[in-house]
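Down below is the structure, laid out as C-alpha cells.
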2 protein chains.
Amino acid sequence: MDESTELLAVRVAELYYEENKTQDEVGALLGITRWKVGRLLTRAREAGIVRIEIIHPRARRLDVERQLRDRFGLKDAVVVPLPTDDEEVNPRVAQAAADYLAAVRPVPRTLGVSWGRTLDEVARLLAPGWTVGVQVVQINGGVSLNSKQGTAAQTAVTIAQKGHGQATLLPIPAILEQVETKRAIERDRAVASVRALGASASAYLYSAGVAGASSVHVDSGYLSESDVDDLVAKGAVGDVVGRYINSAGKIVDSALDERTVGLGLDELRAAEHAIFVVAGDAKHDVARAVVTSGLCSVIVTDEATAHALLEETT
Amino acid sequence: MDESTELLAVRVAELYYEENKTQDEVGALLGITRWKVGRLLTRAREAGIVRIEIIHPRARRLDVERQLRDRFGLKDAVVVPLPTDDEEVNPRVAQAAADYLAAVRPVPRTLGVSWGRTLDEVARLLAPGWTVGVQVVQINGGVSLNSKQGTAAQTAVTIAQKGHGQATLLPIPAILEQVETKRAIERDRAVASVRALGASASAYLYSAGVAGASSVHVDSGYLSESDVDDLVAKGAVGDVVGRYINSAGKIVDSALDERTVGLGLDELRAAEHAIFVVAGDAKHDVARAVVTSGLCSVIVTDEATAHALLEETT
DNA sequence: CCCGTGTCTGCTCATGTGAGCAAGCACTAC
DNA sequence: GTAGTGCTTGCTCACATGAGCAGACACGGG
C-alpha cells in the first residue's frame, strides 16, 4: 500500500470507526465510492492500521489455539493473552483452566488430578458448583515431607467440594526411597484401589514442573538438588505427574521412575481428556515435551508459551 | 453488566471479531439469538471490552477534537495520538500542522508566520508544492543575537519555497532595548510595509514558548534569565509571537511589550485563521491561556495537551 | 392482588456491507 | 502496435446488521 493510499485509509478508518459514519457517508465526504471505502477498511485492518482488540481477563487467543490444535493434533487448546503484569500470567491461565474444566462435555464423572502450585490455583479459581457429583482422584502421590503439608490433598479436595463431589486421595509419598517400598505400597489394597480409580478416570487435569532447584520435589523433600542436577544432566526438562521426562517425552531415569507412585505416562496418553495446564516462560521446554509426545489432548496455557511451542521449526 | 453477561460478551466478541463468524453463526454456536449477539457486541464495545484502535503516525483523535471545538469555540482542532516514544511527539504534531496548513480552504494567499523550534519543524515537514504562489510574511522580529542565526528567517523561507511563493522577512530584533528604538524602527518604511502585509494576512501560523530559562528569547539573547524570572513572578505562562502573556491571555509586562516588534495579540484574535501549533507537556499552561483567551481559531496539538485543556474544570 | 415502571427478548424491516464479476487501465514483452 | 498480464474500479446482488417496536417479564408500591 503506498503512502497516499495509506493516508486515505487512515482517514477512512477514523471516520468509520471513530465517528461512526457509514461507508457511504465516508465515501461522500472524501469523494470516493463506498466500495472503495469498504476495500480501504479491509486493507487497513489487514495492514494493522486498524487494530481490534478484546481486552478482558478471560479473553482468549483463538487463532493461536487453532494453530496449536492443528500442529500437535490436540483435541482442544486454550490460550490466554499475556497480561501486562507478569504476576498475572499464572492466575489467568489457572482461571482459563478452571473455566475449561467446568465446560468439558460430557461432564467428567471421574476426574484425575495431579497437584502443584498451578493446580492449586486452578482449584482456588474454580467456580463453586462447577459440576455435581464429581469423583476427584489424586493421580500421583504427594504427602509433603516438610512443613507445607496438605496442599497436594487440598487441591483435590477443593476441586471435589466445588463440584459437589468426593475426593479420593493418595496419601503416600510421591517418590519412595526404595523400589521395594514402592512395590509394597502399591500392593496395599487401599492404594491399589485408588490407583485403579485413577486409571479409570474419564478426564485428567495436570500440570508440569520444571527440572531445577525450584522444583516442588526439592521443595517437598523428595529429591535433593543434586538429584535434580543429575536428572538435568540426563536430559530431563521437567516432570509430569511426578515423572521426569526429557524433551522427547520419555522417562529420563527408569530407576527413579520405578520409585515414583502414581499414574503412568502411557495411561495419560491413552486418556480421553488429558488437560494440561502450563504457564510461564520457565516451562516452555516441558510444555514442548508434553505436547510433542502426545501426553495431553488439551493444553491450557499463556500466549508466550503457545508462541514458543509454535515457533519451533517442525 | 453482570459477570456472566460480560463473560458471554467476551465469548461473542472473540467469535465475531477474531474468528470472523457472522452474528448468526455466533448465536447458533452459543445458543442465543443473533439479536442478542448484536446487542452484546454493542455493549462490549461500549464497555471497552472490545477496543478498536487506529494505529498510525498520522491518525487523529476526532472525539477529542470535537470536544476542543465545542468547549473553546474553535473553528477546528487537530489532535494527534501520543506516540510511545516521547521524542516523537513534536514531529507528529508538526506533521499534523503541516498537513492541516496544506489543506486549509480557501487557500491562504498571504500567510503570517512566527518562528521557533516548533515552526521550524512544521516548515521542514511541509510537503513540497503544498500550494502555489503563497506570500509568507514573518509576523514577529527575530534575528538571533547569537550563533544560531537565520532560523527565524529560514522558517518563513522554507514554507514559502515549498509553496512556490515568496517570503517577506522581518529582519530586526524580536525585542529591543529601548522603546524609542522600537518606535523608530516601526516608522521605517520597509519595516512598516512588512508589518502592514503581516496584518493583512488571511491566515496565521504560530506556536508558543514557555516562560522559563529554556525560552528561545533567552537562548537568542533578547532576554536574560532574570528577565524571564521577573516575568514569571508577574504571572507569565509563556509567549505568543514574542509577547509574554499570563494565564488569562493578557500581556504581562506592558513596558516590555512596547519594546516587542511584531503583530499585536488583538490582530491575531481578529484573524480568520489563527493556527496555533503546540506540543509537549511543558506547554500546557500557555496552551490553555491561548485557547481560553481566544488567541487562536485552530489548535494543532498532541493528545496529552488536549486532555490537559479539557480536564480543566470549567 | 393489581397496576405502573423499567428492562429484556425476539421480531420486522430498512439499511449497511462484502463477495464476486466484468470493464477499464497501466505496464510489459514481443 | 498489440496482445498479454495483473491490478484497480464501479457495479449487482445476496447477505449481514442495527433501529425500532410490541410483547414478556420482573419488581415494587399502593
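Odds and ends about this structure:
- Residue among A:92, A:105, A:117 that alone is farther than 30 Å from residue A:217 by Cβ, of a type outside the set (A, V, I, L, M, F, W, C), more than 16 Å from DNA strand D (Cβ to nearest atom) and assigned by the TED database to the domain that holds residue A:134: A:105
- Checking each residue in segment A:48-76 for being out of contact with any Gly (no Cβ under 9 Å at 6 or more places or on another chain), more than 12 Å from chain B (Cβ to nearest Cβ) and exposed (fewer than 15 other Cβ atoms within 10 Å of the Cβ) picks out A:70, A:75.
- The set of residues from segment A:18-47 being out of contact with any helix residue (DSSP H, G or I) (no Cβ under 7 Å at 6 or more places or on another chain), more than 10 Å from DNA strand C (Cβ to nearest atom) and within 14 Å of another protein chain (Cβ to nearest Cβ) comprises A:31, A:46, A:47.
- For segment A:251-271, residues that are open to solvent by 10 Å² or more (accessible area, probe 1.4 Å) and in a helix (DSSP H, G or I) total 10.
- Residue A:11 away from DNA strand D (no atom under 14 Å from the Cβ) and under 30 Å from residue A:125 (Cβ atoms): no
- The listed residue being of a type in the set (Gly, Ala, Ser) and assigned to a helix (DSSP H, G or I), out of A:289, A:213, A:274, A:248: A:289
Residue by residue, here is whether (1) under 16 Å from the mean Cα position of the chain (by Cα); (2) over 30 Å from residue B:106 (Cα atoms); (3) surrounded by 20 or more Cβ atoms within 10 Å (Cβ to Cβ) holds:
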position	(1), (2), (3)
B:203	yes, no, yes
B:223	no, yes, yes
B:229	no, yes, no
B:286	yes, no, yes
B:291	yes, no, yes
B:300	yes, no, yes
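- Options A:297, A:214: the member that is among the hydroxyl-bearing types (Ser, Thr, Tyr) and at pLDDT below 90: A:214
The values are calculated or read from the model by the stated rules, or taken from the named source; none is laboratory data. Keep in mind the model is a prediction, meaning the values are calculated, not measured. Neighbour counts are summed over all protein chains in view; Cβ atoms, including those assigned to glycine, are modelled from backbone coordinates with ideal geometry. Keep in mind that these areas ignore ligands, DNA and RNA; they rest on the heavy atoms of the full protein, side chains included. Shrake-Rupley method; radii C 1.70, N 1.55, O 1.52, S 1.80 Å.
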